[in-house]
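The values are calculated or read from the model by the stated rules, or taken from the named source; none is laboratory data. These figures come from a predicted structure and were not determined experimentally. As a convention, Cβ positions derive from the backbone with ideal geometry for all residues, glycine included, and neighbour counts pool all protein chains shown. Please note that ligands, DNA and RNA were not included when accessible areas were found on the heavy atoms of the full protein model with its side chains. Shrake-Rupley method; radii C 1.70, N 1.55, O 1.52, S 1.80 Å.
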Amino acid sequence: MQKLKKLRIIYSEGDENFVLIFVFVPQGGAQRMAKRKKTKIVKIGKVKIGGNYPIIIQSMTNTDTFNVKKTVKQIKELEKAGCEIVRIGVPDLKSAKALSKIKKQINIPLVADIHFSADLALEAINQGVDKLRINPGNFPKGKLKEIVRIAKIKKIPIRIGINSGSLEKDLLGRHKRVTAEMMVKSALRNVRLLEKLGFRNLVISLKAPDVLRTVKAYKLLSRKTNHPLHLGVTEAGAEFSGTIKSSIALGSLLLDGIGDTIRVSLSADPVEEVRAGWEILKSLGLRERGIKIVSCPTCARSQIDVINLAKDIEKETSQIKKPLTIAVMGCVVNGLGEGREADLGIVGVAKKMALIMKNGKIQKKIKEKEILKEFKKLL
Ligand code: SF4
């Protein structure tokens, strides 16, 4: 039941009758952020995750890993967008051999993503990656022991990455569809494999391509383990639909206090994944970075071209890392209030005229065509 914080007493003194009304006010409104689940702390290169450490944004390259120049270029773009850990596919030996050259040229931890080949995993560790993403059940026992032995020496964590599309056949049985429960079983089975070998430096992910299974699987798993969880909806789709799907799933889990790292998987430039990841964390108040634009959808009352102004300002401020709220509002109806709360505000006050506000105070009234120039000055 919702916890009640305040008992508000309203007196209504009518002519003859004195009425006393009690109103219960829910604490902090109807929806509150749950306390973050305390998971074990895991170190990936210089970045720590879990515990009270910030929720970290990850992405993955889509270049040929063996093409060092192109891969480094993409990672640099991801770093600039705010990516904090980068994963890289290692499909063959040529790619594995490129890892140390890539690592030398980048500033964020590098995670090698390996399927099926234990030898590639061993090579990736030797090349100096900061973390491995594998499914331990895919490897022969002897090889797994060797991976674990070296990962322990090099203090490299392992992410067990369960995907609904590649679940073990015996767990699926005669069922056609993979359930959240099956995914959790698979994750715990893989965790046990590593724990039996004395390896606990773990992160787990449980991804399905739809919101409901993903959320259910993570919620179930979170009750059963303290290992940090990497959140994501796998194969979420193209930029628009994938961002919405990921925002709902990741947002819902984060609101419940679940999740230590996130990736928004998109069939798009991975830089867009990072941008979407930041927007999710920023909108939940979990992290701060760069510009937060508050802009109205416009309506018949709009006095200025809010749609294009918001786009131009977003472009103009995309490289700013300092947290800053900018309001772009079409008229005074909600404009003055939003402008007052923002660091910088632009509010339409008359046809093609706007007020410029800074730190809640009106600075000046200017013509629409001067807004961008004036805005840049203030910025
Ligand atoms: S702020 Fe004004 S112009 Fe913008 S949507 Fe609201 S009423 Fe319409």
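When H227, H115 are compared by accessible surface with a 1.4 Å probe, the order from highest to lowest is H115, H227.
Heavy-atom accessible area with a 1.4 Å probe sorts F66, F199, largest first, into F66, F199.
Amide H contacts for I362 (H built 1.01 Å from N in the peptide plane; partners 5 or more residues away or on another chain; cut-off under 5 Å): none found.
Charge tally around L231: other residues with Cβ under 10 Å, Lys/Arg +1 each, Asp/Glu -1 each, net +1.
Taking 0.36 nm per residue of sequence separation and removing the Cα-Cα distance, the K361/K70 pair yields an extension gain of 100.0 nm.
Solvent-accessible area of the chain (1.4 angstrom probe, protein heavy atoms only): carbon and sulfur portion equals 53 percent.
The angle between the Cα long axis of helix 93-104 and the longest principal axis of the Cα atoms of the chain comes to about 50 degrees, rounded to the nearest 10. Charge dipole (Cα centre; +1 on Lys/Arg Cβ, -1 on Asp/Glu Cβ; no other charges) of the chain amounts to roughly 1460 debye. Angle of helix 180-196 to the longest C-alpha principal axis of the chain, folded into 0 to 90 degrees and rounded to 10: 50°. Value of Rg to Rh for segment 207-294, rounded to two decimals, is 0.96; Kirkwood radius and Rg both from alpha-carbon coordinates. Couplings for segment 304-321, taken from phi via the Karplus curve 6.51 cos²θ - 1.76 cosθ + 1.60 with θ = phi - 60°, read 9, 7, 4, 4, 6, 4, 4, 4, 4, 5, 4, 5, 4, 10, 5, 8, 6, 9 Hz in order; Gly and Pro are left as x.
Taking the charge dipole of the chain about its Cα centre, with +1 at Lys and Arg Cβ atoms and -1 at Asp and Glu Cβ atoms, the residue from S265, I304, T61 reaching farthest to the positive side is T61.
Placing R223, R287, R200 in order of accessible area, with the largest value first and a 1.4 Å probe, yields R223, R200, R287.
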